[in-house]
Amino acid sequence: MALLTPEDLENIKRQLQEADSAVRRVTGLDIKGVCKALYGTTSGFETVGIVPVTSGNGIIGNFSASLHAIVEYFGFDSFVTELPDVSGYYEAVQNGAEIILMADDHTFLAHNLTNGKIANNQPCTGMIYAEIASLYTKADSRDVLVVGLGKVGFPGAAHLVHKGFNVYGYDADKNLLNKAISKLGITSFDPETPRKFSIIFEATPCADTIPEAVLSEKCIISTPGIPCAISAELQQKYDVELVMEPLGIGTASMLYSIL
Ligand code: NAI
Ligand code: 0TF
């Protein structure tokens, strides 16, 4: 898994506010509204305990503090435990956490201790970015290009298929592309014979993954992928509506999915 850096998370509240404005502009709903559309849930001010985790590559500067800001932004109460790891988990529960948020290098989870529901960041991120793409009010058809069919992209593509979109998929890894074709019934997208799309969902850890030839004027690119899938120059040239944010949208999706 590509790990976040403290720099990715600088000014997270501002990044989240800007992303919320972009989501509102392209879908007519704010991020909370998209979560409601996805899961039918609203926050009841549940208390979220955020537990720093030292294993593997260790604590990421700004990670717990960013989660704290994000969780409060979406209307939950929250606190970061003073101790990390198992001691932090114990501290969170002792101090009344109803939901636990914690991540090691492989898994970022949200666990609702009241109802037992648990969420994983990767599918939840794929679902919400795909949902945002699917709600684009200026889309010219129900054709969607999905680039990247890994742990985030595959569940996003599945969500779009279930919503009845015509999904064209591409992944640099042929095995993953073939898996998506056979399991989801998506159509393989050939970058050598491109066509234009007004809805694009991207989930790769690479820059510049969206070829110019697929961009239509004012298309949406909904992408959790870091770094950005498209250059600032192409974004400007095609007046692309870009929805991209490093942590908050996916975290909101996790939390609302377990209420
Ligand atoms: P993954 O490694 O499971 O999947 C990435 C896929 O992209 C792979 O299948 C790979 O073959 C494919 N790929 C790489 N370069 C490509 C290219 N040029 N064209 C087409 N496909 C290409 O990774 P995962 O977990 O799905 O994460 C994807 C990205 O999303 C990462 O950058 C990760 O950091 C980011 N992420 C962001 C979140 C957020 O909240 N913004 C949350 C979770 C992940
Ligand atoms: O960096 C990541 C994921 C996050 C997905 C959301 N964009 N790519 N995971 C590592 C998190 C490690 C956190 C660390 N153990 C801490 O500070 O607690």
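General remarks:
- Loop GluC sites (Glu not before Pro), segment 172-250 (other Cβ atoms within 10 Å of the site Cβ: 13 or fewer; DSSP): GLU192
- DSSP-assigned coil residues among GluC sites (Glu not before Pro) in segment 1-58, each with at most 11 further Cβ atoms within 10 Å: GLU7
- Centre separation in Å (Cα based) which lies between segment 135-187 and segment 226-254: 18 Å
- By the rule of a C-alpha distance below 27 Å, with chain neighbours fewer than 8 residues away ignored, the lysines paired with LYS163 are LYS32, LYS36, LYS117, LYS138, LYS151, LYS174, LYS179, LYS183, LYS196, LYS218.
- Net charge over other residues, Cβ less than 12 angstrom from the Cβ of LEU247 (K, R count +1; D, E count -1): -2
- In the chain, the calculated helix contribution to ellipticity at 222 nm averages -11500 deg cm²/dmol per residue, counting -39,500 (n - 2.57) for every DSSP H run with n ≥ 4.
- Computed FRET value (nearest 0.05) for ASP77 with ASN57, which takes r as the C-beta separation and R₀ as 35 Å: 0.75
- Two-decimal log10 I(q)/I(0) for segment 181-259, as the Debye equation yields it once each C-alpha is a single scatterer, q = 0.23 Å⁻¹: -1.11
- If only the Cβ of Lys and Arg carry +1 and only the Cβ of Asp and Glu carry -1, the dipole of segment 123-245 around its Cα centre is close to 460 debye.
- At q = 0.13, 0.22 Å⁻¹, base-10 log of I(q)/I(0) for segment 123-245 (Debye sum, equal scatterers on each alpha carbon): -0.41, -1.33
- Here the gap between ASP30 and LYS237, fully extended at 0.36 nm per residue and compared with their Cα-Cα distance, gives a gain of 71.9 nm.
- Note that the chain shows a convex hull volume over its alpha carbon atoms of 119 Å³ per residue.
- Given their separation in residues at 0.36 nm each and the Cα-Cα distance between them, LYS138 and GLN94 gain 11.0 nm when the chain is fully extended.
Bear in mind these aren't lab numbers, they're just calculated from the coordinates by the rules spelled out. The shown structure was predicted, so the numbers you read here are calculated from the model rather than taken from an experiment. A quick note on method: Cβ atoms are made from the backbone with ideal geometry, for glycine too, and the neighbour counts reach across all protein chains shown.
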